[in-house]
Every structure is written in structure tokens, then in C-alpha cells.
């Protein structure tokens, strides 16, 4: 095999590997990050995600919402959880938050988080907040940001 063919083959073999490293969630910058909705929703809740990155990976994550009247967490509001269950949705904020958090910890990417049945809107908000944080985690821009949710 000629030297030129060998060089071309070597470079072509490396290109996919180099492209794949750009897709990896590895390499987030260590620190604490928080994203919260820019406004309270129609029911008085403001969603947020707070997470910690250690050794380049998200190791802790909390998804919840606080109420504008008394800062009660949605996952701890037993009356709200009961109403949610009685609506026949098959889940409640404490349940779907845990499922979304676990899915994110496993995948490390908002785009691959599994949706939770009965919590479609909350799943979408979770993905929007975590996606906004991923851009900041790659750069090491810790702190809190506000996100306008769709």
C-alpha cells in the first residue's frame, strides 16, 4: 500500500472517532447549576432544575416547582398530589420528578430523557430546563439562569 493511501485511510478512520467525541456528554464542567422558569405558570408554580456536576458527569439533580404564595414545593404539596392522582393521570409531581431525574442521571442528555405518561407538560419543561443547563455545563458557567418555557 502506498504511503498516500495509508495516510488517507488513517485520516478517514480518525474522522468518525473525532466526530463522536463531540457528541459525548462527558466533559461537563464541575459545579452547581440551576435553571428556573422566567415566570410562574397559570397555577402559580415556577419550575426549576438544580444539579451538580462532579468528575464531568451530573451526579445530583432536582426537578421541582415552587408556589408563588408560600414557596411550597410541588412534590411536597400533598393536597396537590392528591388532586393530580384523582384526575386519573397515573402519576403525581413526586413520582414524575423522580422518574425524570433518574432518566437524566442515566442518559446525561435532555434529548434522551424518557417522557413520563401523565406528565407531558412537565416532561417538556424538564427537558427545556436541562437543555439550557447543558450548554452552560459544557462551558463551566455555574449559577442560576432563567428560561422562558414554551
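Kindly check whether there is at least one residue in segment 20-27 that is at pLDDT 95 or above and surrounded by 15 or more Cβ atoms within 10 Å (Cβ to Cβ). Walk me through how you get there before you give the answer.
Restricting attention to segment 20-27, the residues satisfying the condition of being at pLDDT 95 or above are none.
Within segment 20-27, none of the residues are at pLDDT 95 or above and surrounded by 15 or more Cβ atoms within 10 Å (Cβ to Cβ).
Quick test of your reading of the structure: residue 83 fulfils all but one of (1) farther than 20 Å from residue 146 by Cα; (2) in contact with a strand residue (DSSP E or B) (Cβ under 6 Å, 6 or more places away or on another chain); (3) free of Cβ contacts under 8 Å to residues at least 12 places away in the same chain. Name the failing condition by number.
(2)
Of the residues that sit in segment 137-147 and are out of contact with any helix residue (DSSP H, G or I) (no Cβ under 9 Å at 6 or more places or on another chain) and farther than 16 Å from residue 63 by Cα, which one is surrounded by the most Cβ atoms within 10 Å (Cβ to Cβ)?
Checking each candidate, the answer is 137.
Mind listing whichever residues of segment 109-131 are under 8 Å from the mean Cα position of the chain (by Cα) and touching a residue at least 40 places away in the same chain (Cβ under 8 Å)?
109, 126, 129, 130
Just to be sure, is residue 111 loosely packed, with under 12 Cβ neighbours inside 10 Å, at pLDDT 95 or above and closer than 16 Å to residue 134 by Cβ? First the steps, then the outcome.
Values: loosely packed, with under 12 Cβ neighbours inside 10 Å: yes; at pLDDT 95 or above: yes; closer than 16 Å to residue 134 by Cβ: yes.
Yes; evaluated as a whole, the condition is true for this residue.
Here is a yes/no grid of residues against (1) surrounded by 13 or more Cβ atoms within 10 Å (Cβ to Cβ); (2) part of a helix (DSSP H, G or I):
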residue	(1), (2)
90	yes, no
100	yes, yes
116	yes, no
135	no, yes
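Take the conditions under 20 Å from the mean Cα position of the chain (by Cα) and closer than 16 Å to residue 37 by Cβ and apply them to residue 105. Does it pass? Outline the logic, then answer.
Details: under 20 Å from the mean Cα position of the chain (by Cα): yes; closer than 16 Å to residue 37 by Cβ: no.
No, not satisfied.
Test each condition in (1) in contact with a helix residue (DSSP H, G or I) (Cβ under 9 Å, 6 or more places away or on another chain); (2) in a helix (DSSP H, G or I) for residue 105 and report the one that comes out false.
(1)
Going through segment 122-150 one residue at a time, which ones are at pLDDT below 95 and farther than 17 Å from residue 32 by Cα?
Matches in segment 122-150: 150 only.
The values are calculated or read from the model by the stated rules, or taken from the named source; none is laboratory data. Just so you know, these numbers come straight off a predicted model, no measurement behind them. FYI the Cβ positions are ideal-geometry reconstructions off the backbone, even for glycines, and counts take in every protein chain you see.
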